[in-house]
Amino acid sequence: MAMQTMQTEQQQQQRRKGSPEMDFFSEYGDANRYKIQEVIGKGSYGVVCSAIDQHTGDKVAIKKIHNIFEHLSDAARILREIKLLRLLRHPDIVEIKHIMLPPSRRDFKDIYVVFELMDTDLHQVIKANDDLTKEHHQFFLYQMLRALKYIHTVYVLQLMSIIVI
């Protein structure tokens, strides 16, 4: 009996250590608000996980941007992107739902941005479908141009590139 209890406790500790939340969040205060489902993307700036917002029940995507202050130019670009996306409300532009703050300034090296969860991204749609028609491409371009027109109507100038998320 004691041996079974000891094994059960060890298994629970291993599960806690290996749980997606523990690996993903690292001590952020709002971490308990979200139930991580799975990693859905990785890139040069970080990792994206799908999650459930336990306050609202919404499915969200959480983007963890690693070492945000490693390069000043990257930090400035990321800040500009976040400030811009927080203000924009359009069906063809992904919405920022929440930005998670670190427990202290001293511990601020990663940033977590919570977005609405999209079914897929344009890259995956194009990659997975060899049979896309001219009309599909026209519709994708239409959506991007509609979003860009909206951005311009709210007086945001496109300086360097179009941000496609």
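Under the condition of being at pLDDT below 90 and of a type outside the set (D, E, K, R), which residue from region 89-110 is surrounded by the most Cβ atoms within 10 Å (Cβ to Cβ)? It comes out as M100. Taken residue by residue, region 52-59 has no member that is closer than 30 Å to H152 by Cβ and either among the small types (G, A, S) or in contact with a helix residue (DSSP H, G or I) (Cβ under 7 Å, 6 or more places away or on another chain) (or both). Just one of the listed residues (D30, D23) is closer than 29 Å to V154 by Cβ and at pLDDT below 90, namely D30.
If the condition is being surrounded by 13 or more Cβ atoms within 10 Å (Cβ to Cβ) and either at pLDDT below 90 or polar (S, T, N, Q) (or both), then region 136-160 contributes Q143, I151, V156.
When you scan region 74-88, do you find a residue that is part of a strand (DSSP E or B), at negative phi and not acidic (D, E), even just one? So far as region 74-88 goes, no, none of its residues is part of a strand (DSSP E or B), at negative phi and not acidic (D, E).
The values are calculated or read from the model by the stated rules, or taken from the named source; none is laboratory data. None of these values were measured; they are calculated from a predicted model. Glycine gets a Cβ as well: all are built from the backbone with ideal geometry, and neighbour counts include every protein chain shown.
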